[in-house]
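The values are calculated or read from the model by the stated rules, or taken from the named source; none is laboratory data. What you are looking at is a predicted structure, and each value in this text was computed from that prediction instead of being measured. Glycine gets a Cβ as well: all are built from the backbone with ideal geometry, and neighbour counts include every protein chain shown.
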Amino acid sequence: MDTLKRIKMNITGWSVLISVIILAGCALRVLSAWFMQFKPNSDVGVVALMAKHMAEGVDFPVFFYGQPYMGSLEPAVSALLCKLLASLRS
């Protein structure tokens, strides 16, 4: 019985530690995204251009423009959000 309590306490401790690490990582990600939102770079421009082309139905690339790797999931989600938000606005 004593061993069972120790195991439960150990699992609870690890669960708390993992939860704190995940929350800290999410908070760091949100803060870095917030502070970097006004500092565009070429990668942001490529994603925006790809999202614009996807939202307009011009092109649906599998890879980033000019690269034979890195899939286009982020621009696809951005294009979907652009279409959804534009339809809500009108």
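Ser78 - would you say it is touching a helix residue (DSSP H, G or I) at 6+ places or on another chain (Cβ under 8 Å), at pLDDT 90 or above and of a type in the set (S, T, N, Q)? Yes; evaluated as a whole, the condition is true for this residue. In region 52-90, what residues are more than 15 Å from the chain's Cα centre (by Cα) and among the aliphatic types (A, V, I, L, M)? Answer for region 52-90, where residues must be more than 15 Å from the chain's Cα centre (by Cα) and among the aliphatic types (A, V, I, L, M): Met54, Ala55, Val58, Val62, Leu84, Leu85, Ala86, Leu88. State yes or no: is Lys39 charged (D, E, K, R) and surrounded by 10 or more Cβ atoms within 10 Å (Cβ to Cβ)? No: the conditions fail for Lys39.
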